[in-house]
1. Just for helices (runs of 4 or more DSSP H) wholly inside region 64-126: which have at least 2 residues that are surrounded by 10 or more Cβ atoms within 10 Å (Cβ to Cβ) and modelled with pLDDT under 85?
2. Could you grab the pairs with beta carbons closer than 8 Å, sequence gap of 6+ or different chains, first residue in region 48-76 and under 30 Å from residue 16 (Cα atoms), second one assigned to a helix (DSSP H, G or I)?
């Protein structure tokens, strides 16, 4: 058996042991079976420690939805989704227009007297 095949078999068996979450005695038996040198023993123990510390994470619903849309080539609907694919300068111009419009509306509301204040001013004059 060639060295390459032996390493492939070792990694395959190691993966099976780690995925089945068997104890370290099984890993030690595996290492003795393949009679590898100490560098490979350290590497395999490091792989086992990394496997123990990593925690499985489920992807968020938003991520899976966006990934599906990207893979399937479907378009998102909505104004923000359409703006995302515009060039950067157009996005900046749209943002400036929205901010300017908001400022204009709030300025008008602050400068124009409301109906309530106009009624109070009329009543005070009488």
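1. On the way: elements: 79-84, 88-111, 115-125.
Counting at least 2 such residues, we get 79-84, 115-125.
2. Cβ pairs passing all conditions: 48/18; 48/24; 48/27; 51/18; 59/67.
The values are calculated or read from the model by the stated rules, or taken from the named source; none is laboratory data. Just so it is clear, the model here is predicted, and its values are computed rather than measured. Note: ideal-geometry Cβ built from the backbone for every residue, glycine included; neighbour counts use all protein chains shown.
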